[in-house]
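The numbers here are math on the coordinates, done by the rules we state, and not lab data. This one's a predicted model, so the numbers in the text were calculated from it and none came from an experiment. For neighbour counting, all protein chains shown are included, and Cβ atoms are generated from backbone atoms with ideal geometry for every residue, glycine included.
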Amino acid sequence: MTIPTYPTVGLFEGVAVAGTHENHISVLLTVGIVCLAGAALLGLFAVTMNQSSRRTNKTPGKVQSSAGGRKWQIAYARLSAFPATRRMMQSIRARLEIGSGYDERGLRRKSAITFVLTVCVMGVLLLVFALLSRDMLLIGIFLVMLGFMTDTVLDISVARVGNRLMRQQLRFHEQIRHRYYEEQSVDGAVEAACEALLDERAHEMYVQGERLLDVLSAADTEAAFEQYRETAPNKYLKLLAGMCCITREYGDARNGGASVFLMSLGHLSEEIRSELFKRDRLLYALKSLNVLTLLPLFFIQPIRNWAGDNFAPMARFYAQSAGTVLEVAMVVVTFACYLVVRKLQQFDELKPEHLARNRWEQWVYRRLLHPVVDRLSPGRYTQENQRLAILLKQAVCPMRTEDIYTRRLVFGMLSFFSMLILCLFLHIQMDYRILHSPVSPAGFLGGNLSEKDQVKLEMETVFDAEVLIALPKTADREDIRLIVTGSQQVGNQDVEAVTERILGKWDQLRGNRFKWWELLLSLVAFSAGWQVPILSLRIQAGIRTLDMEDEVARFQTIILMLMHMPRVNVEELLEWMEMFSLHFRESLQSCLSDYSAGAADALAVLRDNIAFEPMTVLVGNLMLAASDLPILQAFEELEREKAYSREKRKELNERVVERKRNLGNLVGFIPLYALIVLYLMVPMVISSMTEMNVFYQQMSGF
């Protein structure tokens, strides 16, 4: 009879039988070709982006017309018109226009290049992973992960633009300082500094300098400044614009014979250097953790093939439901660790608030789930609602209670149906394995079967499958014996052995049904998914607390910059603090809204609402300044301890970086440990103990 061949790997994978040497070579050649092609594409796009950036730097604010530029314009228009890619193009454009300083044509070209580059990177990763794993379940899960990895690529590109802008701003400050002595006016110094940046080809900062000149020369400077505040790429440019506007309006003051404007400019430069130092240290400390976290996913199938080829019990273990569950667990652990590492690597300004106004939770709540969510959400004045509100403030998450419970319900439902589908998939996989996967003989511990034994094993599997498919649902041992006896492929002396073998498979098939505890497991998965958003908020709140001391130190720097400015009062100090605040923004906004009704009461409420001691001390000084005490005297101690504050700030940045580095290293290596311990050592121990038990049973039978 013709012996059909069955795949040893794939969606329904049975016991892994060693593949031929030619197959391994072809797979390696295919992976190599794909990697080379991907490297060539990435190199081509890198050269294109480098050339385009050079052309842009030669003529700031303009993009030279070329055939390549027109092609990117056409690509942008088509990608923006296609529904499947429109949202991603809008997200890329919104991120790039924050601090890039490109004009419309340059922004479109850069968006199209970034989109194509990101798609190429994701495509190469998907192809390599598919060739290495060849498992549709893992490929589907990895495809979902690529959507989150796309944000990582975009965040990295935006972070680089932001860091480059801050370095250019330091040079801009130096030029302003030099030109201010010559021009003796803010407008002239800024204009001369922009001309110097034009010679240095600092395109991003040149564009921001031109915008700053427009603010200073506007008929309504205050309105122009408010508009610039809404669109400025970072908080340091906002502060620079505010200092220039105040100095231009009220004039420069003197403190000990020195210019207050230049002193404030020096404080701002120190603030930028401190931020760049922290970012560089953090990027270096967490360098390559993204790759290290995702790398174990690419070794799941190679480890499985290696273990199955050298130790047959391992192949049997991986082919069972337990092996599939371990694979899914590996993917889930890797994905969770990847998200935590990305949270640690992100900075405050990577995702501005205007990018998060239209959240998917709000759409789902309005259109689908508002009747259920309204019943599940706690009441407005309950303790649970208060605890959730405090957690949202600590995590600095711009979401409402309805949004959180919508996310909890969606995550719970996704977890429930994912577990349910996984259980059904495992049953289908087990049915296929029982029917069509050859089972190596008991006691066979490793190596490869001979070609003759392999052919015999496949023939037995095909015969057993034909018998099992032909059996009625109420079949028993006698029915199986009659079919085996009537077959011409089994000799009389082998009838009992074949009947026993087929009966064992028949019992496994009948027992492979959906069980009540699998439904209970799906409900447990729903409960876990229900808790994921809260756990994520707690992790985010823990990460944010590392930056609270840093924000208070930033407030102190702002006060040092503004306390010598003429006509600056406590309310203006609060406005500046609110402008650059992240953790205390809501409390400061509430204080500003109540300030006109009574300064002392508003500041007292602010102090009571903040449970962070360094910020409480700062608010106490503001309360003194709001009374009859001048601002200079209220913060006299702060000015005397500038050197101490500078050293303390440096130590604080190092401590924050060290904490994040330790947490990042701990979380980043978890997938690697899970791959070695959970996916390799645990199956090896379990399969070894199982085979040892079989060996002792065989020995006791003699």
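Each of Lys452, Lys238, Lys110 has some number of other Cβ atoms within 10 Å of its Cβ, and from fewest to most they run Lys452, Lys238, Lys110. Which shape class, rounded, prolate or oblate, goes with segment 80-203 when its Cα gyration tensor gives a ≥ b ≥ c as root eigenvalues, a/c under 1.5 marks rounded, and past that a/b bigger than b/c marks prolate? It comes out prolate by the Cα gyration axes. Could you state, as a whole-number percent, how many of the C-alpha pairs of segment 360-540 are farther apart than 27 Å? I get 54 percent for the Cα pairs in segment 360-540 exceeding 27 Å. Share of pairwise Cα-Cα distances greater than 26 Å in segment 559-702 is 52 percent (whole percent). In segment 192-351, the inverse of the mean reciprocal separation of distinct Cα atoms equals 20.9 Å; this is its Kirkwood hydrodynamic radius. Counted by neighbouring Cβ atoms within 10 Å, the residues Met419, Met699, Met681 run from fewest to most as Met699, Met681, Met419.
A full extension of the chain between Arg380 and Leu509 corresponds to an added length of 41.1 nm, given 0.36 nm per residue minus the alpha carbon distance.
With a cut-off of at most 12 other beta carbons within 10 Å, and DSSP calling the residue loop, which trypsin sites (Lys or Arg not before Pro) in segment 510-592 qualify? Please list them.
On the way: sites: Arg510, Arg513, Lys515, Arg538, Arg544, Arg554, Arg567, Arg585; in loops: Arg513, Lys515, Arg567.
Answer by residue number: Arg513, Lys515, Arg567.
Label reach from Thr221 (point 7 Å along Cα→C-beta): in segment 548-569, amide nitrogens under 14 Å belong to 566-568.
Evaluated at 10 °C with a viscosity of 1.306 mPa s, what Stokes-Einstein diffusion coefficient in µm²/s does segment 449-533 have when Rh comes from the Kirkwood expression over alpha-carbon pairs? Before the final figure, lay out each step's value.
On the way: Rh = 15.6 Å.
For the chosen part, D equals 102 µm²/s.
Listing Met459, Met263 from fewest to most neighbouring C-beta atoms within 10 Å gives Met459, Met263.
So which trypsin sites (Lys or Arg not before Pro) in segment 263-305 pass both tests, a DSSP loop state and at most 16 other Cβ atoms within 10 Å of the Cβ? Can you show the working numbers first?
Details: sites: Arg273, Lys278, Arg279, Arg281, Lys287, Arg304; in loops: Lys287.
Within segment 263-305, the qualifying trypsin sites (Lys or Arg not before Pro) (loop, at most 16 other Cβ atoms within 10 Å) are Lys287.
Assuming charge only on the beta carbon of Lys and Arg (+1) and of Asp and Glu (-1), the dipole of segment 360-540 about its Cα centre is about 1420 debye to the nearest 20.
Measure up Lys473/Lys515; Lys110/Lys393; Lys393/Lys642; Lys235/Lys343; Lys238/Lys287; Lys71/Lys235 against 24 Å on the Cα-Cα distance and list the ones that go over.
Numbers: Lys473/Lys515 18 Å; Lys110/Lys393 36 Å; Lys393/Lys642 30 Å; Lys235/Lys343 21 Å; Lys238/Lys287 30 Å; Lys71/Lys235 36 Å.
Violating the 24 Å limit, Cα to Cα: Lys110/Lys393; Lys393/Lys642; Lys238/Lys287; Lys71/Lys235.
Can you find, among Leu268, Ala232, Ala312, the residue farthest towards the positive end of the dipole of segment 202-345? Put +1 on the C-beta of Lys and Arg, -1 on that of Asp and Glu. Toward the positive end, the furthest listed residue is Ala312.
Over every pair of different alpha-carbon atoms in segment 494-652, take the mean of 1/r and invert it; report that Kirkwood radius in Å. If you can, show how the numbers build up before the last one.
On the way: mean 1/r = 0.0494 Å⁻¹.
Value: 20.3 Å, from the Cα pair sum.
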